[in-house]
Number of protein chains: 2
Amino acid sequence: MQELKERLQQAWQNLKAQEAEGARAQEIYAQNVWPLLLELWRKEPQVYPLRETFEVSIHTLGTSPEATTLAALGLGADEVYVLHTPESRRYLSQLQQDLGREVYPIEIDKSDVTRLYRAVGEQVRKHPGKKIALDLTSGTKAMSAGMAAAGYFLQRVHPSLRVAYVDNDAFDPALRKPVAGTEKLILLPNPHEVLGDLDEHLAQEFYGAREFSKAADRYQALRRKTGQGHFEVYAALCEMYQRWYALDFEGASSNAQRLLNFLTQDAYRNHPLNRHAQRLKEQKEGLKAIVALLQSKNFSEQKGILWLTATLLQLGDERRERQPVSAALYYYRAFELLLQHRLAVRGRSDDEPNLSPEEQQHLRQALSVWLGKPPEQIRPVQKLGLLESIALLCYLGDPALSRFSDSDLRGYQGMLQSRNKSLLIHGLEVSKKGDVERLQQFAHRLYQTTREEAGLAVSVEPVELV
Amino acid sequence: MQELKERLQQAWQNLKAQEAEGARAQEIYAQNVWPLLLELWRKEPQVYPLRETFEVSIHTLGTSPEATTLAALGLGADEVYVLHTPESRRYLSQLQQDLGREVYPIEIDKSDVTRLYRAVGEQVRKHPGKKIALDLTSGTKAMSAGMAAAGYFLQRVHPSLRVAYVDNDAFDPALRKPVAGTEKLILLPNPHEVLGDLDEHLAQEFYGAREFSKAADRYQALRRKTGQGHFEVYAALCEMYQRWYALDFEGASSNAQRLLNFLTQDAYRNHPLNRHAQRLKEQKEGLKAIVALLQSKNFSEQKGILWLTATLLQLGDERRERQPVSAALYYYRAFELLLQHRLAVRGRSDDEPNLSPEEQQHLRQALSVWLGKPPEQIRPVQKLGLLESIALLCYLGDPALSRFSDSDLRGYQGMLQSRNKSLLIHGLEVSKKGDVERLQQFAHRLYQTTREEAGLAVSVEPVELV
């Protein structure tokens, strides 16, 4: 082999010594240099970093068929497809002769990136499970561009696919050929994979769609794939929101702490998420207040109630358009939570209301008006549902509830009473859009009043990623 | 202008007539042809299809600086960045002279796709909101490949970005130059956009993540972008599942009909979804049965109950790992629905159980055992909760319920009674993972028995897309 390489070098030096130009130089190259180069690659293709064996290779073919020959020898596939132009068709027979095998020709247009891209996609899809290489060495730049775009993208679905290219260590500008013997086939890395930008794009799309757990998975994969720590910070953020919106407040709270620990590290001072550090700190405090509330089960804890209600309202708002049945459930619960809170700060509870005879009298009177039924049809109140809670709060002089008039409540009663008939509770009713909207307004109104009374800023919305 | 073009043609013909080769030919070209070509492009760049003005252009530079000069003139940007290799650095001054302006050089490696890709990304990000063009005409194929991959991907985030390329209508192989005057700058289409493959990939990812509404939006966008009708069929599928899993069964049912209409059209006979035509037809029938159940509110309707329960179980299963609170809600409802059904086929109802004194006696006895409380602490049963329903069904000899032993039910009672204390119902309890798993098993077991009794096949899982 060493002897063959020396003969090749000698042939090249002879060619250069003759100071031939143009057609004459090409002729000498074809007669004296190329046969040796071909022999070398037939015996031992020069592949960087290591030789891999492919089952299918797909090549672009322009006016340098030698490069395609070397690439095909280096890739060593059983099936060889060649994308040629009308102009380069004439090189096919030489190519087959040099390769010592048939190739399958596919005619394309030298400037039509899209058609080439589609042709490559079709061939790749025709060979599922096979190890395929795309060689973009020959042909116009538009052809190489289409080949690269196709290959780098198809690699997501066919991870064993590779993009290859015959490079050289020295190029002779006068002959416009690589210095013979310096050619090498390179399996090009996929920049999407190296930098992870396509996965990051997907993660961002999932985040935007509030699919926080899918986004977190992507960021974790990016961390592993690229070795870049800043992706882990994003993963911590996604995990926090994932748990938060899954109502796992303890988990979310510890993720929030982890996230803030990251952001205060020197390594991540310039992390884009640090723009939201203040907001994230508030959210961490909010989560802590919810965790405390769930532990104490004390409905009078203002901060926990407000953050929890805001969370439920947010979950409702996200679902209102596309999942009204589920949205209604969150709105009902948010509304009820606020009533439970307002009862609790007045020392009362919906579960054990301990009604005085006057209160009992008042409640039945109010229900009779709102439901439009004679008082004798209203049974004695034992536990407080939504309407009964409102009635008691009104009687106790709660300013937020006193705002609603009897006619408001006559309008709302059907919706407030139908909670138990919902498909997700005990019945087969599917919430209507109009009802869900009324419920949303009602719940948001009561929330705003409670929040203003408390003078607290609450913002549960996920921060912007970019 | 016409006169200038004629002079250029003449100069090219003179060059060819001299039958010069190699360095001599290049020299004549540089002296006689290039100045005219440059003058032509300075006055009127040849751009296909139409000239657009850019604020920033980024170019690869190899050993053909003329192509870069033409591209920069054609793109007409104020800021010009040139990615050159150590070898092509020497062409920078010629390039600046021909352009009559300074360019900003960035050194890269001719074979390092990733570094080039990263350099392009950095430059693009440094110019937010500006109209940017990437020119891949000059440089090695690896450089062009990296440029194309970067440009086509970055276009998603910077939609006004364009990839450009100096093509020609005729290439002279002997001189290895385009025939002078046939050069034209082409703004290359983005194959990802033309074929929509990247969007389709995203749609598939969303579908896999059960984000059906996001998937549907993507497919609708693909339909508009590519004009391909088969994307609309996918959109109909996604919309069906989106509505189904949002419990909008009427909407889902009409989507199912629309989908099956598509699939029976001649145009879509070969649509990949036709592999699932039988399953989709069954799902359409299942949806119809649910719609009928919700209308009649007759809990004894077997088929509707089974499909509805299977839907709720599926929603629970999807959420079990990551959203246990929400999963528990679906499992509870599925379980209760089966109890309501089994009571209904025996002519009973949980809401108005009309218990005989013997039944009342038996129920209180059973509850006393399961709850571990003396019978006198068990209040008379008015409506049937989960435990009471089980007790009555056992008394009525329901074979499915008789399978559960007293000790089973002693184990389950806490979980069955805690439904009302859930954060999403009336309390502040967050379902524990172990409880959710027990609930899942319990509900699935009762569902399987009911399904086997009915001898019905029910498959609510979304079909595979590919």
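The values are calculated or read from the model by the stated rules, or taken from the named source; none is laboratory data. This one's a predicted model, so the numbers in the text were calculated from it and none came from an experiment. Because the Cβ atoms are built from the backbone with ideal geometry, glycine has one as well, and the counts that use them run over all protein chains shown. Heads up: the accessible areas ignore ligands, DNA and RNA and are worked out on the full protein's heavy atoms, side chains in. Shrake-Rupley method; radii C 1.70, N 1.55, O 1.52, S 1.80 Å.
In table form, for the structure just shown:
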item: Condition met for residue B:184 (in a helix (DSSP H, G or I), more than 7 Å from chain A (Cβ to nearest Cβ) and open to solvent by 20 Å² or more (accessible area, probe 1.4 Å)); result: no
item: Scope the range B:204-244; condition at pLDDT below 95, of a type in the set (Gly, Ala, Ser) and open to solvent by less than 40 Å² (accessible area, probe 1.4 Å); matching residues; result: B:209, B:213, B:221, B:229
item: Hits in the range B:139-167 (condition: farther than 19 Å from residue A:137 by Cβ, open to solvent by 20 Å² or more (accessible area, probe 1.4 Å) and of a type outside the set (A, V, I, L, M, F, W, C)); result: B:155, B:156, B:158, B:159, B:160, B:162
item: Within the range B:271-284, tally of residues that are without any contact (Cβ under 8 Å) to a residue 24 or more places away in the chain and under 11 Å from residue B:233 (Cβ atoms); result: 1
item: Matching residues, the range A:129-138, being open to solvent by 10 Å² or more (accessible area, probe 1.4 Å) and within 7 Å of chain B (Cβ to nearest Cβ); result: A:137
item: Qualifying helices (runs of 4 or more DSSP H) (wholly inside the range A:396-463; at least 1 residues being in contact with a His (Cβ under 8 Å, 6 or more places away or on another chain)); result: A:433-454
item: Every residue from the range A:246-266 that is open to solvent by less than 20 Å² (accessible area, probe 1.4 Å) and either closer than 21 Å to residue A:203 by Cβ or part of a loop (DSSP other than H, G, I, E, B) (or both); result: A:246, A:247, A:251, A:252, A:255, A:256, A:259, A:263
item: Residue tally, condition part of a loop (DSSP other than H, G, I, E, B), surrounded by fewer than 22 Cβ atoms within 10 Å (Cβ to Cβ) and within 39 Å of the chain's Cα centre (by Cα), over the range B:56-72; result: 0
item: Any hit, the range B:296-319, residues being of a type in the set (Lys, Arg), at negative phi, assigned to a helix (DSSP H, G or I) and crowded, with 22+ Cβ neighbours inside 10 Å; result: no
item: Residue A:192 vs. criteria facing chain B (nearest Cβ under 8 Å), at pLDDT below 95 and crowded, with 20+ Cβ neighbours inside 10 Å; result: yes
item: Any hit, the range B:105-118, residues being part of a helix (DSSP H, G or I), at pLDDT 90 or above and closer than 21 Å to residue B:64 by Cβ; result: yes
item: Close pairs from the range B:310-324: first facing chain A (nearest Cβ under 8 Å), partner open to solvent by 40 Å² or more (accessible area, probe 1.4 Å) and of a type in the set (Lys, Arg), Cβ under 6 Å, at least 6 apart; result: B:324/B:433
item: Scope the range A:116-127; condition without any contact (Cβ under 8 Å) to a residue 24 or more places away in the chain and buried (at least 16 other Cβ atoms within 10 Å of the Cβ); matching residues; result: A:118
item: Scan of the range A:154-181 for residues that are part of a strand (DSSP E or B) and either more than 11 Å from chain B (Cβ to nearest Cβ) or among the polar types (S, T, N, Q) (or both), ordered by number; result: A:162, A:168
item: Qualifying residue in the range A:292-299 (condition: small (Gly, Ala, Ser) and at pLDDT 95 or above); result: yes
item: Residue list for the range A:168-181, filter: in contact with a Pro (Cβ under 9 Å, 6 or more places away or on another chain) and open to solvent by 30 Å² or more (accessible area, probe 1.4 Å); result: A:169, A:170, A:171
item: Residue within the range B:79-95 that is among the charged types (D, E, K, R) and in a loop (DSSP other than H, G, I, E, B) present; result: yes
item: From the options A:348, A:342, residue that is crowded, with 24+ Cβ neighbours inside 10 Å, within 15 Å of residue A:386 (Cβ to Cβ) and basic (Lys, Arg); result: A:342
item: Subset of the range A:186-221 [without any contact (Cβ under 8 Å) to a residue 60 or more places away in the chain and polar (S, T, N, Q)]; result: A:190, A:213, A:220
item: The lone exception for residue A:75 - which of (1) open to solvent by less than 10 Å² (accessible area, probe 1.4 Å); (2) in contact with a helix residue (DSSP H, G or I) (Cβ under 7 Å, 6 or more places away or on another chain) it fails; result: (2)
item: All positions within the range A:285-295 that are in contact (Cβ under 8 Å) with a residue 12 or more places away in the chain and either within 14 Å of chain B (Cβ to nearest Cβ) or touching a Lys or Arg at 6+ places or on another chain (Cβ under 6 Å) (or both); result: A:287, A:289, A:290, A:291, A:292, A:293, A:294
item: Hits in the range A:436-466 - residues which are farther than 16 Å from residue A:336 by Cα and either open to solvent by less than 50 Å² (accessible area, probe 1.4 Å) or of a type outside the set (D, E, K, R) (or both); result: A:454, A:455, A:456, A:457, A:458, A:459, A:460, A:462, A:463, A:465, A:466
item: Scan of the range B:325-370 for residues that are part of a helix (DSSP H, G or I), free of Cβ contacts under 8 Å to residues at least 40 places away in the same chain, within 14 Å of chain A (Cβ to nearest Cβ) and out of contact with any His (no Cβ under 9 Å at 6 or more places or on another chain), ordered by number; result: B:330, B:337
item: Failed item in (1) more than 16 Å from residue B:92 (Cα to Cα); (2) open to solvent by 10 Å² or more (accessible area, probe 1.4 Å); (3) in a helix (DSSP H, G or I); (4) within 14 Å of chain A (Cβ to nearest Cβ), with residue B:19 passing the rest; result: (3)
item: Check on residue B:28, of a type in the set (Val, Ile, Thr) and assigned to a helix (DSSP H, G or I); result: yes
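Conditions (1) surrounded by 18 or more Cβ atoms within 10 Å (Cβ to Cβ); (2) under 13 Å from residue B:66 (Cβ atoms); (3) within 14 Å of chain A (Cβ to nearest Cβ); (4) in contact (Cβ under 8 Å) with a residue 24 or more places away in the chain, marked per residue:
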residue: B:14; (1), (2), (3), (4): no, no, no, no
residue: B:31; (1), (2), (3), (4): no, no, no, no
residue: B:34; (1), (2), (3), (4): yes, yes, no, yes
residue: B:40; (1), (2), (3), (4): yes, yes, no, yes
residue: B:54; (1), (2), (3), (4): yes, no, no, yes
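This table checks each residue for (1) open to solvent by 40 Å² or more (accessible area, probe 1.4 Å); (2) farther than 18 Å from residue B:450 by Cα; (3) out of contact with any helix residue (DSSP H, G or I) (no Cβ under 6 Å at 6 or more places or on another chain).
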| position | (1), (2), (3) |
| --- | --- |
| B:357 | yes, yes, yes |
| B:362 | yes, yes, no |
| B:369 | yes, yes, no |
| B:380 | yes, yes, yes |
| B:400 | no, no, no |
| B:421 | yes, yes, yes |
